[in-house]
Amino acid sequence: VGADRLMVREGIDLGALAAPPKAMAEQGQTPLYAAIDGQIAAVISVADRIKPSTPLAIKALHQMGLKVAMVTGDNAETAQVIARALGIDHVVAEVLPDGKVNALTTLRQGGQIAFVGDGINDAPALASADVGIAIGTGTDVAIEAADVVLMSGELTGVVNAFEISRATMRNIRQNLFWAFGYN
């Protein structure tokens, strides 16, 4: 649930500070509010920096014929801005950990799901995905819940994991073909 809706739910009027968060979200930033004694006191923004390798990784995943979705607890407007900038196909935002699992259930209707995550909030989704891929720089809980752990913090590791997996399966099929042919 968006922070602005939480403030309204708590009966806190955002007043003049209602407008800046819209501009923040349009720039890919997540607004955070502070209230003191039921009165709005401040709004600040935070943003994750997009790693330079991330657009390349998403492009490579698309070239492999894969769809890319972002499932996040972050603000929906912010998530949409980032998704557009990176070419992400589908966005589910403002979800708690169980919402991530529900999103995977919905996305699974289109085929098998690989989920990449690094945090405590990602652990349930990592465990419920067909393939859970943890970023090795993440939390211990995420690493324990995943099927595959990437040692680097780069998303290009996901591309490498898919390529290695496909090459391994191709090798197994070739070996089976020659083994059956020989026998």
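The values are calculated or read from the model by the stated rules, or taken from the named source; none is laboratory data. For clarity, every value in this text was computed on a predicted model and none was experimentally measured. Virtual Cβ from ideal backbone geometry, glycine too; neighbours counted across all protein chains shown. Heavy atoms of the whole protein, side chains included, go into the accessibility calculation; ligands, DNA and RNA do not. Shrake-Rupley method; radii C 1.70, N 1.55, O 1.52, S 1.80 Å.
The table below gives the values:
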read-out: Gap separating the Cα centres of region 24-84 and region 109-183, nearest whole Å; value: 24
read-out: Virtual spin-label span in nm between Arg173 and Glu10, 7 Å along Cα→Cβ; value: 5.5
read-out: Residues of region 97-183: accessible area per residue with a 1.4 Å probe, Å²; value: 63
read-out: Within the chain, longest stretch free of exposed trypsin sites (Lys or Arg not before Pro) [DSSP loop, at most 15 other beta carbons within 10 Å]; value: 68-183
read-out: Radius of gyration and maximum dimension Dmax of the chain, Cα, Å; value: 20.3, 81
read-out: Gyration tensor (Cα) of region 1-106, equivalent ellipsoid semi-axes in angstrom; value: 31, 16, 9
read-out: Placed amide H near Val71: partners under 5 Å, 5+ positions off or other chain; value: Val92
read-out: Whole-percent carbon and sulfur share, accessible surface of region 1-77, 1.4 Å; value: 56
read-out: Reachable lysines, given that their alpha-carbon falls under 25 Å from the alpha-carbon of Lys22 and they are not under 8 places away in the same chain; value: Lys51, Lys100
